[in-house]
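S.K.: Sharing a structure with you now.
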Amino acid sequence: MTNDDEAHGLARGLTHYGDADFALYLRRSFIRSTGLSESLLARPVVGIAQTTSGFNNCHRGMPELLEAVKRGVLAAGGLPLDFPTISLGEVYLNPTSLMYRNLMSMDVEEMIRAQPMDAVVLLGGCDKTVPAQLMGAVSADKPAIQLVTGPMLTHRWRGQRLGACTDCRRLWADYRAGRLTAEEIAEVEGGLATTAGTCAVMGTASTMACLAEALGLSLPGTAAIPAVHAERLRAGEAAGRQAMAMIAGGLRPRQLLTAQALDNALRVLLALGGSTNAVLHLAAIAGRAGMPLSLVRLNALSDTTPVLVNLKPSGEHYMEDFFAAGGMGALLRELRPLLHLDCRDVTGRTLGERLGGPAPSVDRTVIRALAEPFEPVGGLVALHGNLAPQGAILKRSAADARLFEQEGRAVVFRSLDDLARRIDDPALEVTAADVLVLQHAGPCSPAAMPEAGYLPIPRKLAQAGVKDMLRISDARMSGTAFGTIVLHVAPDAASGGPLGLAETGDRIRMSVRERRLELLVDDAELGRRRALRPPAATPPARGYGWLHARHILQADRGCDFDFLTCAGRTGGG
Ligand code: FES
């Protein structure tokens, strides 16, 4: 009797007992133990995927936000039922949170699909949670709306503003170089993260919040609202109401996630000077809808998209300033001539309709006009060459332009352990003109592509005043970090990529102008080294590590699992 395409609310997706009427009767009899009235139980169901966790301080405001979403669903005539999924607190996961993003996406997808809900609100925030939720929601393709926790507020320390986590890195570098004492860095530690919410700068969490809005998958104007602001709770209530409207309209994520919406999101990413991690996440999200993210396309858009937002780590300000300056609405308005205005968002409106009203005032110290950008070209650029046949990423907006065209001597570290052991060795032969190379930190390595691409400046150079030098790896970098750092080299060293063939003393050439990254070693010598390469490390024998080792894709495919892309293991997607 209950065809799931026609069933609604609690009658959806019945548990199999061989008798559908019995299954519905049993489900209803069990849920009545919650004390909910029959009239409430007859309503459409909005699931709320919530990710509170004692291991995720960024989500500590979520219980209040969850209540706001429930309020909105109830007010619009629905039944809100929240459910937990895996939560990923960026700094609590070993070896790195990225390894578990796909696991969380599977949890989200399967729980949306398996449980009886007509729509879902996704409550996330910390770096990997929003990509995981979007990946899962796109795969499940039920009406879905992303709601982020919002960023932290900043704190003051000795006259300086502090906000996680660009300041974490800047002040740690000062400590390493002897410019801060142990007592001072201990004081700083207590002032970097002082409210609920996600990192206070344009790191990965803030970037992904903005991109979810740019993709049309969250409510307009909600990406930048601080976590502790009353507007954040109003956004929660509005998201609950909108989820109900999406049930009525039947609007699904894959209808919103078009190639044009992906272009818009890339434009926003570039104009924000956003996180390099977002390239991975966008590739994975788009892959769930069967769209490749082309690095050639990224470069084309980067050449025609200026950086308009002056936020750390590329600039000076914090997310609360971006919100006060006009937030995503102001940025999209400036980018309007470059955007596809017929893309729709979760409200069903087109971007053109959203931006059609009168322009509110904008703080131009934070969000520049298109004609007067902070940088004339986009924040990210992809590089290709014999060192990165499938591409690599440089965040040029957070790099030193004097290092963009250079050839230097490689100083190679074979692994994270090797890096930790030797980087501060006074006997390390290294100068500021050299190129630091880290191998075996990519997706196929046991390290699983951690945010280790921000290689520290060797202590003896840091103490001599060196602040930046060219660094290359198959790892990632925190969205809050800065420097002339080439990341996501693909294929990675552990999967047999040429990065693993580089040796100390080789010459490496980077040209940002030409988008090239070359290892200046001839093919015969590279072939000789390839033949001598030691066998790959033995992968884990069981569990999630086993799954990860066998199915992880390279960075240019977003590090998704091959069987989770739109086409699955049949190829494509
Ligand atoms: Fe959670 Fe930065 S650690 S957003």
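S.K.: Could you give the distance between the Cα centres of segment 200-263 and segment 20-81, to the whole Å?
M.R.: A separation of 20 Å, based on Cα centres.
S.K.: How would Leu153, Leu295 line up by accessible area, probe 1.4 Å, largest first?
M.R.: Sorted descending by solvent-accessible area, the residues read Leu153, Leu295.
S.K.: Okay, moving on. Give me the dipole magnitude in Debye, nearest 20, for segment 330-451 about the Cα centre, with unit charges on the beta carbon: positive for Lys and Arg, negative for Asp and Glu.
M.R.: Dipole about the Cα centre, nearest 20: 500 debye.
S.K.: What is segment 309-399 by shape, rounded, prolate or oblate, if you read a ≥ b ≥ c off the alpha carbon gyration tensor as root eigenvalues and call it rounded for a/c under 1.5, prolate for a/b larger than b/c, and oblate otherwise? Numbers along the way, then the final one.
M.R.: Working: a/c = 2.47, a/b = 1.44, b/c = 1.72.
Cα axes put segment 309-399 in the oblate bin.
S.K.: Between the alpha-carbon centers of segment 456-502 and segment 272-329, tell me the distance in whole angstrom.
M.R.: For segment 456-502 versus segment 272-329, the Cα centre distance is 21 Å.
S.K.: On to the next question. Roughly speaking, what is the stretch gain from Phe83 to Ala371, that is 0.36 nm per residue apart minus the C-alpha to C-alpha distance, in nm to one decimal?
M.R.: 99.0 nm
S.K.: Next question. Taking the Cα atoms only, what angle lies between the long axis of helix 166-176 and the longest principal axis of the chain, rounded to 10 degrees?
M.R.: It works out to around 30 degrees.
S.K.: No partner Cβ under 4.7 angstrom, meaning no disulfide-compatible partner by this rule: which Cys of the chain qualify?
M.R.: Cys199, Cys210, Cys343, Cys444, Cys559, Cys566
S.K.: Continuing with the same structure: Given segment 164-212 reduced to its alpha-carbon atoms as identical point scatterers, what log10 I(q)/I(0) does the Debye formula return at q = 0.15, 0.26 Å⁻¹?
M.R.: Taken in order of the listed q values, log10 I(q)/I(0) reads -0.47, -0.92.
S.K.: How large, in Å, is segment 44-170 by the Kirkwood hydrodynamic radius built from its alpha-carbon pairs?
M.R.: On the way: mean 1/r = 0.0649 Å⁻¹.
After inverting the mean inverse Cα-Cα distance, the result is 15.4 Å.
S.K.: Measuring with a 1.4 Å probe in the full set of protein chains, what accessible area per residue, in whole Å², belongs to segment 455-573?
M.R.: 43
S.K.: For the chain, what does the relative contact order come out to in percent, with C-alpha contacts under 8 Å and a separation of six or more?
M.R.: Values: 1309 pairs, mean separation 75.1, N = 573.
Over the chain, the number comes to 13 percent.
S.K.: Ok, one more. Nearest-5 percent of antiparallel DSSP beta bridges in segment 352-441?
M.R.: 55
S.K.: Mind checking the full-extension length gain between Arg158 and Arg28? Use 0.36 nm per residue of separation minus the Cα-Cα distance, one decimal, nm. Mind dumping the intermediate values first?
M.R.: Numbers: separation 130, 0.36 × 130 = 46.80 nm, distance 5.94 nm.
Extra length available between Arg158 and Arg28 comes to 40.9 nm.
S.K.: Give me the one-decimal Kirkwood hydrodynamic radius in Å for segment 1-104, with the sum taken over alpha-carbon pairs. Before the final figure, lay out the partial values.
M.R.: Values: mean 1/r = 0.0620 Å⁻¹.
About 16.1 Å for segment 1-104.
S.K.: For segment 160-247, which trypsin sites (Lys or Arg not before Pro) are both in a DSSP coil and crowded by at most 14 other Cβ atoms within 10 Å?
M.R.: The qualifying sites are Arg179.
S.K.: Probe of 1.4 angstrom, ligands and nucleic acids ignored: what's the accessible area per residue over segment 1-108, in square angstrom?
M.R.: Details: 5420 Å² over 108 residues.
Value for segment 1-108: 50 Å² per residue.
S.K.: Loop sites only, by DSSP: take the GluC sites (Glu not before Pro) in the chain that have at most 16 other C-beta atoms within 10 Å and name the longest stretch containing none of them. It would help to have the intermediate numbers written out before the result.
M.R.: Working: sites that count: Glu6, Glu316, Glu429, Glu503, Glu514.
Counting only loop sites that pass the neighbour cut-off, the longest clear stretch is 7-315.
S.K.: To continue, here is another question. As a check on your grasp of the helix formula, calculate [θ] at 222 nm for the chain: sum -39500 (n - 2.57) over DSSP H runs of n ≥ 4, divide by the residue count, round to the nearest 500.
M.R.: On the way: 20 runs with 199 residues, N = 573.
Computed mean residue ellipticity for the chain: -10000 deg cm²/dmol.
S.K.: Also, quick follow-up: Could you state the angle between the C-alpha long axis of helix 277-288 and the longest principal axis of the C-alpha atoms of the chain, as a value from 0 to 90 degrees rounded to the nearest 10?
M.R.: That helix lies at roughly 50 degrees to the long axis.
S.K.: Report, in debye and to the nearest 20, how large the dipole of segment 304-362 comes out about its Cα centre when Lys and Arg carry +1 and Asp and Glu carry -1 on their Cβ.
M.R.: Charge dipole, segment 304-362, about its Cα centre: 160 debye, nearest 20.
S.K.: Can you give the convex hull volume of the alpha carbon atoms of segment 316-357 per residue, in Å³?
M.R.: With only Cα atoms used, segment 316-357 gives 89 Å³ per residue.
S.K.: Oh, and also: In segment 223-288, carbon and sulfur make up what percent of the accessible area (probe 1.4 Å)?
M.R.: Carbon and sulfur together cover 49 percent of it.
S.K.: For the pair Trp172 and Arg349, how long in nm is the line joining their label points, each one 7 Å along Cα→Cβ?
M.R.: 4.1
S.K.: Further, regarding this structure: With +1 on each Lys and Arg Cβ and -1 on each Asp and Glu Cβ, and nothing else charged, work out how big the dipole of segment 212-347 is about its Cα centre, in Debye to the nearest 20.
M.R.: For segment 212-347, the charge dipole is close to 420 debye.
S.K.: Restricting to the chain, compute how many DSSP beta bridges are antiparallel as a %, nearest 5. Intermediate results must be reported in sequence, preceding the final value.
M.R.: Numbers: 23 of 51 bridges.
Expressed as a percentage, antiparallel bridges in the chain total about 45.
S.K.: Give me the Å³ per residue figure for the convex hull around the C-alpha atoms of the chain.
M.R.: 157
S.K.: Taking the 0 to 90 degree range and rounding to the nearest ten, how far is the long axis of helix 204-214 tilted relative to the main principal axis of the chain, both from C-alpha atoms?
M.R.: Orientation of helix 204-214: about 50 degrees from the principal axis.
The values are calculated or read from the model by the stated rules, or taken from the named source; none is laboratory data. This structure is a prediction, so every number in the text was calculated from the model and none was measured. Glycine also receives a Cβ, built like all others from the backbone with ideal geometry; neighbour counts cover every protein chain displayed. What goes into the accessible areas is simple: the full protein's heavy atoms, side chains included, and nothing from ligands, DNA or RNA. Shrake-Rupley method; radii C 1.70, N 1.55, O 1.52, S 1.80 Å.
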